[in-house]
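To keep things clear, I will list the structure first and then write my remarks on it.
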Amino acid sequence: MIIVYAGLLLGVLGLVFGGVLTFAAKKFHVEVDERVNQIKECLGGANCGACGYAGCDAFAQAVVDGKAPIDGCAPAGAKGIEKIGKIMGMEANVGERLVARVICQGTHGIAKDRYVYDGYKSCAVAAGLAGGPKDCRFACLGLGDCQDKCKFDAITMENGIAHIDPDKCTACGACVKACPRSVISLMPESQNVIVRCRNSDVARAARAVCMDACIGCGRCKKECKYDAIVVENGYARIISEKCTRCGECAAVCPCKCITIE
Amino acid sequence: MNEPTSILLFFVSCVLTNNFIFSRFLGCCPFLGVSNKVETSVSMGLAVTFVMTIASLFCYMIYNWLLVPLEITFMSTIAFILVIAALVQFVEMFLKKSSPTLYSALGIYLPLITTNCAVLGVATLNMNEGYDLLYSVLNGTFSALGFTLAIVLMAGVRERLESSHIPECMKGFPITLVSAGLMAVAFMGFSGLFSSLM
């Protein structure tokens, strides 16, 4: 008799709990907007935090709630943003794909060293130590603060300066924020003619610290038929909207600081 | 002794003298597993407190109102496990719906508790000691608070251990177990306290 009771009790308890749980699963079912999952699939998925949210999940939720802009995720790329736009039923305003570029050519031997830095491998630390290990106060220090921040493995350190692989770059902007010297900037991908220097010292001083420094001579400006180059603060700058990527400026630059990718 | 005093003494007894981890040695796996950081250990402690309180209540009811009348008290362990497992599931669903903040704070710890021996331990203890309904629930809450105290203290110790120089062979689990042992010895000091208060 006891064994019957025992079996019955467990059976009944199991049934009751099962029933209650089934009921609870229905009753307490939390509606998860399916758009959240769809959007999550379009995102970069690196939880890089460049959008300002705690991660990709939080960003997707914020987009659905209408708190975040649909183009807030740079790593999603133009295609991803377009997809998100479709999911949300909004027109995506997709600009051209951006990439981060290093505005410095001061490799070892080109840019002069001020002292031999042998301390903690961080640009921020080195930059604070007597003006940094390179004579040029605008130079890339090449100690890899940007590399540490890059979630996409796009940055490598070569010969004392950073290199960014444009194919891997998602323009999330983490490296731009990490660089203590503001050497990295975001540019349209098609902008392949680049002035690789931002030294605003006068010509002599600039040339004294780096062989590839822009001396602000204005040869490129004269050569440019489209008025796309301005020389301000001692260095040349290309206006992306006017530039036709003809490359004439690079040919005449006496300092070889305009390069074509 | 009047009721409030005896409840206070019961509290001291559960939290210090009969601490679940240091004198009963129950719930040692989450104690060692989730005590890396103070923050997570507090969440775990909260989750355990929550579940142990409710589990003591339900296990008391199942035991005294179903198992005893049917004279099948030998089924208590399996019945308790069933109750606890179902309860944790239910609580998880309920929290997810009603309090997403609490759910995200406790979330990952709740399922862990299903297999926590401290929860089954408190139900069995209530049964063996013959506590009434009030004391069963109090025993659940207070013992779980003792568990929380132990796990938070341990997390504090482990955070300090992270940054101290420890011989290579003692790093990680060995030193953790040694510290846990020392803490248990310290808690043994409380065992005289209760009898002198009585």
Q: Please state the charge dipole magnitude for the stretch A:190-261, taken about the Cα centre, from unit charges on C-beta atoms (+1 on K and R, -1 on D and E), reported in debye and rounded to the nearest 20.
A: 140
Q: Please report, largest first and rounded to whole Å, the three semi-axes of the ellipsoid equivalent to the stretch A:36-88, where each semi-axis is the square root of five times an eigenvalue of the C-alpha gyration tensor.
A: 14, 12, 9
Q.
Order A:178-188, A:223-233 from most to least packed using the mean count of other Cβ atoms within 10 Å.
A. A:178-188, A:223-233
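Kyte-Doolittle cut-off 0.0, length cut-off 20 Å along the helix's own axis using Cα: show which whole DSSP H helices in chain A pass.
Working: long enough: A:2-27 (36 Å, 1.84).
Correct list, ordered by number: A:2-27.
Sort A:Arg97, A:Arg245 so the one with the fewest other Cβ atoms within 10 Å of its own Cβ comes first. Spell out each step's value before the answer.
Details: A:Arg97 16, A:Arg245 13.
Ascending number of Cβ neighbours within 10 Å: A:Arg245, A:Arg97.
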**Q.** Amide H within-cut-off set for A:Asp113, under 5 Å, with H built and near neighbours excluded
**A.** A:Asp135
**Q.** Gain upon complete extension [B:Ser99, B:Asp132; 0.36 nm per residue less C-alpha separation]
**A.** 8.8 nm
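Translational D (Stokes-Einstein, µm²/s) of the stretch A:148-229 at 4 °C and 1.567 mPa s when Rh comes from the Kirkwood sum over C-alpha pairs?
87
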Q: Of the options B:Ser163, B:Leu82, B:Asn19, report the single residue whose Cα projects farthest towards the positive end of the charge dipole of the protein assembly as shown (beta-carbon charges: Lys, Arg +1; Asp, Glu -1).
A: B:Ser163
Q. If each Cα of the stretch A:124-185 is one equal point scatterer, what is log10 of I(q)/I(0) from the Debye formula at q = 0.19, 0.30 Å⁻¹?
A. -0.64, -1.39
**Q.** For chain A, alpha-carbon Rg and Dmax in angstrom
**A.** 27.5, 106
Q. Which of the lysines could be linked to A:Lys242 by a straight reach, that is with a Cα gap under 17 Å, when you skip same-chain ones fewer than 8 residues away?
A. A:Lys221, A:Lys222, A:Lys225
Q. Assuming R0 = 25 Å, what is the FRET efficiency of B:Ser179 and B:Thr115, from their Cβ-Cβ distance, to the nearest 0.05?
A. 0.50
Q.
Can you give me the long-range amide H partners of A:Ala171? Hydrogens built in the peptide plane at 1.01 Å from N, cutoff under 5 Å, separation of 5 or more residues or another chain.
A. A:Ala100
Q: Using only atoms on other chains, find how many Cβ atoms lie within 10 Å of each Cβ of peptide B:83-91 and report the average.
A: 3
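Calculated FRET efficiency, A:Arg114 and A:Lys221, Cβ-Cβ r, R0 22 Å, to nearest 0.05? Let's see the in-between values first.
Numbers: r = 31 Å, r/R0 = 1.41.
After rounding to 0.05, the efficiency reads 0.10.
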**Q.** Helical contribution to [θ] at 222 nm, DSSP H n ≥ 4, -39,500 (n - 2.57), averaged over chain B, rounded to 500
**A.** -23000 deg cm²/dmol
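Please compute the alpha carbon radius of gyration of chain B, then divide it by the globular-protein estimate 2.2 N^0.38 Å. Two decimals is fine. Write out the running numbers ahead of the final one.
Numbers: Rg = 17.8 Å, N = 198, 2.2 N^0.38 = 16.4 Å.
In units of the globular-protein estimate, chain B measures up at 1.08.
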Q.
At 24 angstrom or more along the helix axis (alpha-carbon based) and mean Kyte-Doolittle of 0.0 or higher, what helices does chain B contain? Whole DSSP H runs only.
A. B:38-62, B:76-98, B:133-162
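In what sequence do B:Met183, B:Met52 fall when counting other Cβ within 10 Å, fewest first? List each step's numbers first, then the result.
Working: B:Met183 17, B:Met52 29.
With the fewest neighbours first, B:Met183, B:Met52 line up as B:Met183, B:Met52.
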Q: About the Cα centre of the stretch A:97-189, how large is the charge dipole given +1 on each Lys and Arg Cβ and -1 on each Asp and Glu Cβ? Please answer in debye to the nearest 20.
A: 280
**Q.** Those aspartates and glutamates that a straight Cα-Cα span of less than 20 Å connects to A:Lys112, excepting residues fewer than 8 apart in one chain
**A.** A:Asp135, A:Glu158, A:Asp201, A:Asp212
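Please report the orientation-averaged projected area of the protein assembly as shown, defined via the convex hull of its C-alpha atoms, in nm². Mind showing how you got there, number by number?
Numbers: hull surface 129.4 nm².
Computing the convex hull of the Cα atoms and averaging its projections yields 32.4 nm².
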Q: Compute from the Cα atoms of the stretch A:42-122 the Rg and the Dmax, the latter being the longest Cα-Cα distance, and quote both in angstrom.
A: 19.0, 57
Q) If the limit is 32 Å between Cα atoms, which of A:Lys83/A:Lys256; A:Lys168/A:Lys256; A:Lys149/B:Lys171; A:Lys134/A:Lys168; B:Lys96/B:Lys171; A:Lys134/A:Lys177 go over it? A) A:Lys83/A:Lys256; B:Lys96/B:Lys171
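Every read-out reported here was derived from the displayed coordinates using simple, explicitly stated rules and does not represent laboratory data. Treat the numbers as computed from the prediction; the structure is a model and nothing was measured. A quick note on method: Cβ atoms are made from the backbone with ideal geometry, for glycine too, and the neighbour counts reach across all protein chains shown.
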